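The block underneath contains the structure these notes are about, expressed in structure tokens.
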Amino acid sequence: MKSAVSSSLLKLKNLLNPNPRPSLTSLTSVILPKLSLSSISNHTAFKLLPSSAATSCLRRSISSFKPELARVPSALTLPQPPFTKFKIGVCQLSVTGDKKRNISHTKNAIEEAVSKGAKLLLLPEMWNTPYARGSFRAFAEDIDAGGDASPSTAMLSDVSKRLGITIVGGSIPEKSGGRFYNTCCVFGSHGELLAKHRKIHLFDIDIPGKITYMESRTFTAGETPTVVDTDVGRIGIGICYDIRFQELAMMYAARGAHLLCYPGAFNMTTGPLHWELLQRARATDNQLYVATCSTARDYGSCYVAWGHSTLVGPFGEILATTEHEEAIIIAEIDYSFLDQRRSNLPLNKQRRGDLYQLVDIQRLNK
């Protein structure tokens with residue numbers, strides 16, 4: 001009996017994780033094979049009911065669940081993007097106290113990623129400045145003024161236009177109206193600023209003996225969730241701590257996002273516990289892609305980042321990741337898998353609108 005149970009558990013483990021990741025100690029980045037849809041759909045558990053019986057059961061359930069009421073306003077239909085299959089470049093970068101070096105180094109990384117086929121670039125949180133309160137203020141830029149007042153975003157605009165790519169520009173410290181914000185700028189393939197996301201949830205935590213950090217002592221919280229249409233799909237933007245709040249990701253999914261991008265810099269306490277877990281949860285719950293990008297780890301810094309930038313697929317599968325050193329990940333995104341996954345697990349049709357709702361206040365008040 002014991003051996004039979006162990007065998008069953010092993011088969012279940014292999015089913016849920018058919019592509020276990022190898023040790024990444026010696027790698028700068030690794031691209032992993034996608035989870036096979038057939039390995040799941042062909043499993044015995046999915047064949048217990050005849051197709052007609054399963055369909056009939058599903059229809060009866062949907063008729064009473066009122067899924068259309070689970071999102072207020074109703075969830076938008078997933079739009080058809082100009083590109084449905086493309087490569088993303090995730091640039092996990094080292095950061096120094098030399099701002100000009102950081103800008104030049106980031107530009108070079110973007111160009112390298114594009115040379116390898118990337119059409120979308122994702123940068124880390126605070127890529128132009130050390131992660132320290134004093135540096136935030138000293139390195140802050142007036143993004144709205146542009147030009148010499150914001151050399152970091154001027155570089156991103158120039159590179160995106162010159163190379164014809166979309167850039168989710170990590171984040172930099174922004175100064176505006178006497179306040180400071182942790183801000184992500186998204187640039188389109190013509191160099192235009194498509195969106196500016198100010199970090200909504202500020203990183204204020206206190207874990208005694210581990211880490212205490214109060215981001216609100218420097219930054220003001222943003223007030224606007226950000227979903228932006230680009231050449232590579234509709235993208236929802238969050239910054240680091242924003243990933244912990246599932247309501248924001250659910251809102252982005254209801255607004256028709258194909259992909260969520262989270263520049264971040266989780267630390268050595270919460271990173272090992274939650275960084276991958278949260279990415280896979282946001283992707284699985286909302287059945288979309290999630291991409292994250294951290295700075296590289298620097299043990300000499302006052303804030304040590306966990307690293308491990310990652311791309312997660314809509315079944316929660318790790319498609320590409322890296323360790324903590326500086327690295328550029330090149331991975332493929334294929335939006336055709338979104339419809340497949342949502343057809344296999346029709347969560348959008350099974351939500352209990354008769355029991356709960358997610359209210360998108362901004363859309364409701366328009």
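None of the figures in this text is laboratory data; all of them are computed from the coordinates on show. This one's a predicted model, so the numbers in the text were calculated from it and none came from an experiment. Positions of Cβ are backbone-derived with ideal geometry, glycine not excepted, and every protein chain shown enters the neighbour counts.
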Distances longer than 16 Å among the Cα atoms of segment 160-199: what percent of all pairs is that?
39
In debye, nearest 20, what is the charge dipole magnitude of segment 267-358 about its Cα centre with +1 on Lys and Arg Cβ and -1 on Asp and Glu Cβ, if you could check?
540
Mean Cβ-within-10 Å packing, highest first, puts peptides 165-175, 227-237 in the order 165-175, 227-237
Mind listing the long-range amide H neighbours of Gly222? Cut-off is under 5 Å, sequence gap 5 or more, other chains count too, H placed in the peptide plane at 1.01 Å from N.
Lys199, Ile200
In nanometres, what is the gap between the two model label sites at Arg179 and Met214, each 7 Å from Cα along Cα-to-Cβ?
1.9
Treating the beta-carbon of each Lys and Arg as +1 and of each Asp and Glu as -1, no other charges, what is the dipole magnitude of segment 72-180 about its Cα centre, to the nearest 20 debye?
240
Alpha-carbon centroid distance for the pair segment 186-214 / segment 65-118, whole angstrom:
15
Kirkwood Rh and Cα Rg combined as Rg over Rh, evaluated for segment 85-345:
0.93
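Under Stokes-Einstein, with the Kirkwood radius over Cα pairs standing in for Rh, what whole-number D in µm²/s applies to segment 105-207 at 25 °C and 0.890 mPa s?
175
Counting other beta carbons within 10 Å of each Cβ, put Cys240, Cys261, Cys302 in order, fewest first.
Fewest to most other Cβ atoms nearby, the residues stand as Cys302, Cys240, Cys261.
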Give the whole-number value, in cubic angstrom per residue, of the convex hull volume spanned by the C-alpha atoms of segment 211-298.
113
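Do any GluC sites (Glu not before Pro) in segment 258-366 lie in a DSSP loop with no more than 15 other beta carbon atoms within 10 Å, and if so, which?
Glu325
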Quick note on Lys199, Lys366, ordering by fewest other C-beta atoms within 10 Å, gives Lys366, Lys199
Relative contact order for segment 85-345 using alpha-carbon pairs under 8 Å, separation at least 6, rounded to a whole percent?
20
Give a quick list of chymotrypsin sites (Phe, Trp or Tyr not before Pro) in segment 260-345 that DSSP marks as loop, anything other than H, G, I, E or B, with at most 14 other Cβ atoms within 10 Å.
Tyr299
In debye to the nearest 20, the charge dipole size for segment 195-329, taken about the Cα centre with +1 at each Lys and Arg Cβ and -1 at each Asp and Glu Cβ, equals 260
